[in-house]
1. Select, from B:Glu318, B:Glu368, B:Glu328, B:Glu344, the only residue that is surrounded by fewer than 21 Cβ atoms within 10 Å (Cβ to Cβ), within 30 Å of B:Ala17 (Cβ to Cβ) and at pLDDT 85 or above.
2. So which helices (runs of 4 or more DSSP H) are wholly in the range A:46-154 and hold at least 1 residues that are small (Gly, Ala, Ser) and under 26 Å from A:Ala297 (Cβ atoms)?
3. How many of the residues in the range B:338-359 are assigned to a strand (DSSP E or B) and free of Cβ contacts under 8 Å to residues at least 12 places away in the same chain?
4. Residue by residue through the range B:348-365, note down the ones that are buried (at least 17 other Cβ atoms within 10 Å of the Cβ) and closer than 20 Å to B:Asp116 by Cα.
5. Step by step: first the residues of the range B:514-535, then only those that are crowded, with 20+ Cβ neighbours inside 10 Å and out of contact with any strand residue (DSSP E or B) (no Cβ under 6 Å at 6 or more places or on another chain), then the one that is modelled with the lowest pLDDT. Which residue is that?
6. Find the residue count for the range A:150-170, including only residues that are touching a residue at least 24 places away in the same chain (Cβ under 8 Å), in contact with a Leu (Cβ under 8 Å, 6 or more places away or on another chain) and away from chain B (no Cβ under 13 Å).
7. Across the range A:108-130, which residue is farthest from A:Leu18 (Cα to Cα) among those that are crowded, with 21+ Cβ neighbours inside 10 Å and polar (S, T, N, Q)?
8. What is the number of the single condition among (1) closer than 12 Å to A:Asn434 by Cβ; (2) at pLDDT 85 or above; (3) crowded, with 17+ Cβ neighbours inside 10 Å that A:Arg468 does not meet?
Amino acid sequence: MMERASTREVWWESQPFLRPVQRLYLGAGVAVIVSTLITLAGPALVKYAIDHGIKKHDLHPLNVAALTLLGLAVLKPLVVRAQTLLAATASETFLDRLRGAAFDKLQALPLGFFEQERTGVLVSRLTSDVQALDEFLREALVEVVGSGLQIALTVAVLVVLSPKLALVSLVALPVLIASSWAFHHGAGRAYHAIRDRVAETLTVLQEGLSGVRVVQAFRRESRTLEDYRPRSRAQIGAWRRASFVNIRLFTMIPLAQTTALVAVLLTAASMYRNGSISEGTIAAYVLYLVQLFDPIARFSEWLGEFRQGLAALGKVVGLLRVKARIVERPGAVELPDDGRVELRDVTFGYDDGPPVVRGVSLEFASGEHAALVGVTGAGKSTLAKLLTRQYDPSSGSIALGGVDLREGTLESLRRRIVLLPQEGHLFSGTIADNVRLARPEATDDEVLRALDEIGARERFESLPSGIRTDVQTRGVRLSAGERQLVGIARVALADPTVIVLDEATSSLDPATEAEVELALAAVAAGRTVITIAHRLSTAERADRVVVMDAGEVVEVASHDELVRQGERYARLWASWQAGVTAGA
Amino acid sequence: MGELEARRASAWRFVRAIVRAQPYGVSGAVVSGLLWQTGAVAAPLVVKYAIDHGIVPHDHGALLLWLLVLAGVGLLEVCAGAFRHLYAIRNRAHTDARVRDAIFAHALRLDAAYHDQVGPGELLSRASSDSLHLARMMDAIGHTIGYALTVVAVAIVMLILDPQLALIVLVPVPFVSVGAWLYSRRYERGTRELQESWAQASTLVEETVSGVRVVKGLGAGGALSATFRGRSAQIKDRALHLARLDAIFIPALETLPLLGIATVLWFGGRSVIDGGLSVGSFVAFNAYVVMLVWPLRVLGQRVTTLQKALAASSRITEVLEAEPQLREPRHPVELGAQGDIRLEGVRFGHEGDRFVLDGLDLHVAPGESLALVGATGSGKSTVAGLLARLYDPEDGRVLLDGHDLRELRLDDVRRAVALVFEETFLFSESVRENIRVGRPDASDEDVQRAAELAGAAAFIGGLPDGYETVLGERGFSLSGGQRQRIAIARAILADPAVLVLDDATSAVDATKEHEIRAALAEVMRGRTTLVIAHRPATIALADRVAVLEGGRIVELDTHEALLRQSARYRALLALDEVAA
């Protein structure tokens, strides 16, 4: 499961993404400083023109000031432009890398992870969470550097004008500190809650939209909406709570300002009485004090954005921090193109649970076709996951061509051993795109050759747009048999050494069934194939049958021999035959 | 009107509707925004009075009075600021929800034909990502109007102070505004393209996670990562394209006030020296020009916010304006639901230049069960979809109890005709709720009876929490056969007049199918049933069998008779092989 990452963890995990864009951010920061200085120069030039030019009826300083301003007006857009481009490039590069890393993470996580997380949540991590970061990343630097500089300069001016009044102005500090504390106290939770609610709404939407045909067939539209509405309302509620946390900070800025002004004016009044301050100084001081709170207000609004961005980043980082258990060892070797598969005393259980595969030792010869048979829960599917290294055994070892799978590179592992779930899942795109799922660089010719190999070329080429036919969403236009053929063609194109076939549980009409079986036979030829057999007719055709029960291998022999032995398999076979022939 | 204009027009309509939908939120944001702005402008004035009338004349009473006023203004700012923020967030959250709700509700109304074209990933991204742009627009609305009024007020004051100088400063404003507006239109297209890339990326994520078994099994992770990186890079490129628009727009906006100040200095300064303008007025004039800097900058950015919202709206209205092709009849016929179904000359679906169903005639009498048999792609599932009115035929009629389905309420049709699909979709709810889908008010006993009939009771008993076990997303933890049995239990509980089983037992182990065969026989008794199946044992349960080929029924008889007489039938069931 994904856990909430602490601020420190978020910072550490972001480093690899931040480092490459540091220079860009640095450049943007310099640009912000220059443009802030230009902005501040405006009033200073006006003051200069008034004091030295207008009041003395001297045109020269006036012209100098106006022309300098004109020069700055020409310079400023260049600086702002640089700042905009640098900040945007930096943040978009950061986000691009973050998205890429998060998607890679999805590929590295074990299947078990996906059985616990809902699709909508994962989609929200890679989309809405990342999007929520965008504005923050771009504006953050501008606001922090710009406002910070403005605050620092103004404070300096205040201290120079009147150290005593500057000291008095500090009365505003407790207000600011208290409200920041109150804000930070609630902001983390409030903004994490928003991200969680967003993920939940997305999940309901995703499920409702994927299952829309069933929803409509059972007239569940209003029920589905009823289930959805509270989540949607909860998202509004989360925002509402965050807004109440925000106002602890935002609205206290004017309060701090008023407090400071009142204290300063009272002190100034008594100072003025004993002549230690001039009227002009008071006016100037007060003007700057008012100006000081402008950047403070903006800075505080930025803090809201910051917390929101931090929460979103925390969610993505939470995904990145999930440990991938299948990792490549240093010095991993290329797994050999050798179809011998050996299991030695393999035991495995999920997450410290009881073992579901126990002490399995098996050897499959290169090119052998074996069938795994057993009732639901016997451990067939788990064994298939171990064979394809979705998980590593708790003890014992699995080797391909004499090399332990854990010693091999992941790339060669995925290339040599594939798991083929027979019911085909289609991605949007053309039939050809779907066939080249594992090898996107494959040409149309290669796709056609793969289809030819499994005897399905004609079927797909005869479609109106041939293999360029758009399968449309979820393959609604392709029949179940055609989807299976696409899945088999994928494997033919991937050209693995070992195929672990999770046989389709559903049956097709006999003609298509025959076509699919021919395709499977074609792709199986010359390769080691281990089939999780749901139909015993498949086991009958296999070289060897492995019967599993309660995680253990109980019988291994050819079909004929096992039937002769008259044990467990023979009983399964008898009941299967009764089922098949009952209606005929 | 071209398509582009039409799209823009409906986007505008939607934006207006969104604004109008929250009269209180919008007016609250505007009023509190104005009050806040008033406070912010008043505070320096009050301070000036406190100095001029309190401190300088040593009038302690007046000073305290003005400080009291200052405190009042501060309080106003605090309250108005709080409401301004609360309303902004409120408008934002409600807009986001409104768009999302509208898309979801409408998507649920749109028929299968639409969802065949537009996948869940597309709709999801419109509901979650495009809505964000409208939410941002609404978030800013209070501030924006406040700033706009500030600009107007400042312009008026400047005109009063010195009309000539004011005109010099203000004349460029209309031209700049028009220019800014014209330029900002580029954001619309850029945003649209960016949103499209986002939709593609999220579709890929959605499909990858849904098909994670295939992806991992095939080791396609690396390839998909490469594809995703391509889409991610496209997002980056398109976001940077928008940034390049910003890089012209924002600098231009920020430079204008500087030019304004330079102009005032040049002309105003000369005017003061000539004696046409007082120093005080000149200083005040300058202060007002400075006051325009921030509002103008923000207003400029809001123009782009609006354009982005328009782009998002046009994507949203694309969904909302899609009409369901299945229309509810204006004067629906009441349905008694005897379960008499008849297809007359039905044509549907294109496969190249021919129809998938090409003049199909079929009649199933009330209480009769009929097995529909045919090769893959012969259109069996299409017949099932037509009976439940997931689609309307392109030609011909589908009749239920003698009424064209198009004359009946959709709800009545769906209640009378239960469709069980090959692929069972399980909701992320308990087993009990999943069975109850077809009849939400069913008692626990009824649910159990249905489960027993469907042969599901045994494995449900073995689940960790029995009937309360929550099924994972898409029922991940159940086998195909178990899911199908849940689906059959659903149909049994729904107790429809017509039951359509579309390959609904295909995933039940052949060795176990006999367990539910009795259940199916029980369900089919006295109920009009259309069974699409491949296994002879299942087909044999039906009273009659129809063979579908070339878009029509080519044979119609009992299973036994067809077995005896029809070589085509035997070939279709591949029974010659088994017999041999």
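The values are calculated or read from the model by the stated rules, or taken from the named source; none is laboratory data. Everything quoted here is computed from the prediction, not taken from an experiment. Using ideal geometry, Cβ is built from the backbone for each residue, glycine included, and neighbour counts are taken over all protein chains shown.
1. Matching residue, one of B:Glu318, B:Glu368, B:Glu328, B:Glu344: B:Glu318.
2. Those helices (runs of 4 or more DSSP H) span A:59-108.
3. Qualifying residue count, the range B:338-359: 1.
4. Answer for the range B:348-365, where residues must be buried (at least 17 other Cβ atoms within 10 Å of the Cβ) and closer than 20 Å to B:Asp116 by Cα: B:Phe348, B:Gly349, B:Phe355, B:Val356, B:Leu357.
5. B:Ile516
6. Number satisfying all stated conditions: 6.
7. Among residues in the range A:108-130 that are crowded, with 21+ Cβ neighbours inside 10 Å and polar (S, T, N, Q), the one farthest from A:Leu18 (Cα to Cα) is A:Thr119.
8. Of everything listed in (1) closer than 12 Å to A:Asn434 by Cβ; (2) at pLDDT 85 or above; (3) crowded, with 17+ Cβ neighbours inside 10 Å, A:Arg468 misses just condition (3).
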